[in-house]
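Chemist: For reference, the structure I am asking about is given below.
The values are calculated or read from the model by the stated rules, or taken from the named source; none is laboratory data. Bear in mind that the values here come from a model prediction, so they are computed numbers and not experimental data. Cβ atoms come from the backbone with ideal geometry, glycine included; neighbour counts cover every protein chain shown. These accessible areas exclude ligands, DNA and RNA; they are computed on the full protein's heavy atoms, side chains included. Shrake-Rupley method; radii C 1.70, N 1.55, O 1.52, S 1.80 Å.
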Amino acid sequence: MGFSPPPWRALPRLLEHVCPSRILMRGAVNGRVISGMDMEKDPAVIMGDAASWRAAGVWRCDLTRALSSCTVYRRLRQGTGCGHMRLYTSGRGLSISDTSWSRTRRPWNVMFFGTDEFALASLKILNKSRHSSQPQEPVVGRLEVVSLPSILKKGFPVTKYASDEGIPFHEWPDIGPCNEFDVGVVASFGRLLSEDLILKFPYGILNVHPSLLPRWRGPAPLIHTILNGEKKTGVTIMQIRPKRFDVGPIVMQETFPVPPKCTSKELETVMSKQGAEMLISVLKDLPERLRNATEQPKDGATFAPKINVAMSCIKWAEQTPEQIIHLERAIGFMMPLQTLWMGAPIKLLDFVEVSETLITSDFPRIPGSIQYLNAPQIMIVCCKDGWVGVRAVKLRKMLSAKDFYNGYLHHWFVKKSEIPLEECRFYTLHLPPKTKTPKKSLSVRNTGC
C-alpha cells in the first residue's frame, strides 16, 4: 500500500489496526540514529495527530518532522512479525507495506536471485536447508529462483541447478509470485531491484556480497581485491536498497585472509562457501539479525567496476612486475593479457616472478625489451622497476617461451630479417574504445507479481 504526501494525517488511522507491541521503527533522523522505537511504551503515538507522535527510544523527537526531512530514500521501519507495517520515505512521499500475514519464525519462504558459480553456493545451501535432519525445524520452507536470460546453450549455473533439482525457476524480468515469500536473497545477480519489488517481501531482500563493504561496492569485488594485491577480504550480508548497488545496512560481516598467490577464480570458490554459511546463520535468526543491522560507514567506500578488454593490455612503461602478475591473477581466467609484437597482437600466458640474481648488467632496460633465460626456460620482459617472466605465448598458435625464442628471437633469425635486436620488443597495445550498441531496457519498475 502506498500514497503520496501529505500522508501524516492519514497515518494514525492506518496504524489503528496494528498491534502496538508489534510496531518497531529504525532509521536515521538529522544524522542521529533512531532505534528501538517500541510503540507499546508510548501507545499514544498511534492515536493522536501527527504532532503528538513521539519516539520512545533513546531520543524523543517529532516523527512528522523526522519523516518530512527525508529527501532521499530512507528505510525507517522493518517489521518483524504478525501485525507489522514497514514505512519507507522517498522523494515521492511515504510508502507503507502491510506485512500482517508474514511469519514470525522459520521456516522462511525464500525467493532467490542469482546467476553464476558464486551464487550457486548460496542456492545449494538454501536447498539443503529445506530438509533438516535435526530435531529443530528447517531454515527454509518454499524456495524458488529468478535468474537472467543467458546466451550460453547450457545457461547459468543457477539455472541448471534449479532445473536438475526441480526448483521452480523464473527468467528475469518474470519474478514469479514474490508476494507469497517472506524474504528475498540476492547473490551475483547484476540488476538493480526496485523499491516496489523490495517492499513485496516482509523481511526485505538480503544480498550476499564478497567484500568488506563499503569497500569494493559494485559488480567485480573479487577481481579488484586480487588486482590491488590485498591481504584480507570478507563477505557482507546486507539489506538491499533501491537505485544504488551495495549501500544498504550491514546484517552480518566477516573478515578472511586472501590465500597467497590466489587467483580471483580461486578466491570466488572460497568466498562463495563462506557467504553461503553466513547466509544460513542470518536466516536462522532473521528478525533479530535485522533489528541489529547497522548502517555502512561513510568512509572507506571504493568502487569495483566491470572488467573490460582494455584492461588486458599491458603497459610496460607504467606497470611494475607485481602489478602485472596481480593483473593476470585477477582477470587471466576471463581474458589473457596481451601486447603488441611486430605490429600484431600477441597473448602472454603463465606469468612468473623473476629473481634479481637472473638479471645481468648487459640486459637492455627499455620497457618491453625481451630476453630468454635458458636454464628456467622462461622469457623475461622489462617493465617499470624490473622484469616479469612469461612461460608461454599465443601468436596464431600456442608456443612455449623456448619455441618463441627459437622462432622469433634467435640471433640467426634477427640477422636474417635485418631487424635490430633492440627493436625486437613488445609494445603496448591500444584498443579503440568499445562502441556501445543500444539495448532494449528491462525496467524493474514494470515488473509485477
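Chemist: Condition check: more than 20 Å from the chain's Cα centre (by Cα), part of a loop (DSSP other than H, G, I, E, B) and closer than 29 Å to residue 332 by Cα. Does residue 214 satisfy that?
Modeler: Considered against the rule, which asks whether it is more than 20 Å from the chain's Cα centre (by Cα), part of a loop (DSSP other than H, G, I, E, B) and closer than 29 Å to residue 332 by Cα, residue 214 comes out as no.
Chemist: Mind listing whichever residues of segment 311-356 are among the acidic types (Asp, Glu) and assigned to a strand (DSSP E or B)?
Modeler: Residues satisfying the conditions are 350, 353.
Chemist: Taking interchain pairs and intrachain pairs at least six residues apart, which have beta carbon atoms under 6 angstrom, with the first residue in segment 245-258 and more than 15 Å from residue 222 (Cα to Cα) and assigned to a strand (DSSP E or B) and the second open to solvent by 30 Å² or more (accessible area, probe 1.4 Å) and among the polar types (S, T, N, Q)?
Modeler: From segment 245-258, the pairs are 250/294.
Chemist: Ok, one more. For segment 308-324, does any single residue satisfy the condition of being surrounded by fewer than 20 Cβ atoms within 10 Å (Cβ to Cβ), touching a Lys or Arg at 6+ places or on another chain (Cβ under 9 Å), under 22 Å from residue 225 (Cα atoms) and hydroxyl-bearing (Ser, Thr, Tyr)?
Modeler: Taking every residue of segment 308-324 in turn, at least one turns out to be surrounded by fewer than 20 Cβ atoms within 10 Å (Cβ to Cβ), touching a Lys or Arg at 6+ places or on another chain (Cβ under 9 Å), under 22 Å from residue 225 (Cα atoms) and hydroxyl-bearing (Ser, Thr, Tyr).
Chemist: Filter segment 371-387 for residues that are within 11 Å of residue 401 (Cα to Cα) and either in contact with a strand residue (DSSP E or B) (Cβ under 8 Å, 6 or more places away or on another chain) or of a type in the set (A, V, I, L, M, F, W, C) (or both) and give the result.
Modeler: Those that are within 11 Å of residue 401 (Cα to Cα) and either in contact with a strand residue (DSSP E or B) (Cβ under 8 Å, 6 or more places away or on another chain) or of a type in the set (A, V, I, L, M, F, W, C) (or both): 371, 372, 373, 376, 377, 378, 379, 380.
Chemist: Among the candidates 183, 247, single out the residue that is more than 18 Å from the chain's Cα centre (by Cα), of a type in the set (Val, Ile, Thr) and over 23 Å from residue 335 (Cα atoms).
Modeler: Of the residues listed, the single one that is more than 18 Å from the chain's Cα centre (by Cα), of a type in the set (Val, Ile, Thr) and over 23 Å from residue 335 (Cα atoms) is 183.
Chemist: How many residues are touching a Ser or Thr at 6+ places or on another chain (Cβ under 7 Å), open to solvent by less than 40 Å² (accessible area, probe 1.4 Å), among the acidic types (Asp, Glu) and in a strand (DSSP E or B) when one looks only at segment 139-197?
Modeler: Total satisfying the criteria: 0.
Chemist: Does segment 231-244 hold any residues that are more than 12 Å from the chain's Cα centre (by Cα) and open to solvent by less than 40 Å² (accessible area, probe 1.4 Å), and which are they?
Modeler: 233, 239, 241, 242
Chemist: Now, a different point. Looking at this structure, is residue 357 closer than 30 Å to residue 207 by Cβ and surrounded by fewer than 16 Cβ atoms within 10 Å (Cβ to Cβ)?
Modeler: So residue 357 does not fit the description; no.
Chemist: I would also like to ask the following. For residue 273, state whether it is assigned to a helix (DSSP H, G or I) and in contact (Cβ under 8 Å) with a residue 12 or more places away in the chain.
Modeler: Considered against the rule, which asks whether it is assigned to a helix (DSSP H, G or I) and in contact (Cβ under 8 Å) with a residue 12 or more places away in the chain, residue 273 comes out as yes.
Chemist: Further, regarding this structure: Could you tell me whether segment 395-411 includes any residue that is under 30 Å from residue 306 (Cα atoms), open to solvent by 10 Å² or more (accessible area, probe 1.4 Å) and touching a Leu at 6+ places or on another chain (Cβ under 9 Å)?
Modeler: Yes, segment 395-411 contains at least one residue that is under 30 Å from residue 306 (Cα atoms), open to solvent by 10 Å² or more (accessible area, probe 1.4 Å) and touching a Leu at 6+ places or on another chain (Cβ under 9 Å).
Chemist: Quick one: is residue 262 out of contact with any strand residue (DSSP E or B) (no Cβ under 9 Å at 6 or more places or on another chain), open to solvent by less than 40 Å² (accessible area, probe 1.4 Å) and on the phi < 0 side of the Ramachandran plot?
Modeler: Yes.
Chemist: Now a separate question. Looking at (1) touching a residue at least 40 places away in the same chain (Cβ under 8 Å); (2) surrounded by fewer than 20 Cβ atoms within 10 Å (Cβ to Cβ), which one does residue 388 not meet, given that it meets all the others?
Modeler: Status for residue 388: all satisfied but (2).
Chemist: Can you find, within segment 101-128, the residue that is modelled with the lowest pLDDT among those that are assigned to a loop (DSSP other than H, G, I, E, B), over 17 Å from residue 235 (Cβ atoms) and open to solvent by 20 Å² or more (accessible area, probe 1.4 Å)?
Modeler: Within segment 101-128, the match that is modelled with the lowest pLDDT is 101.
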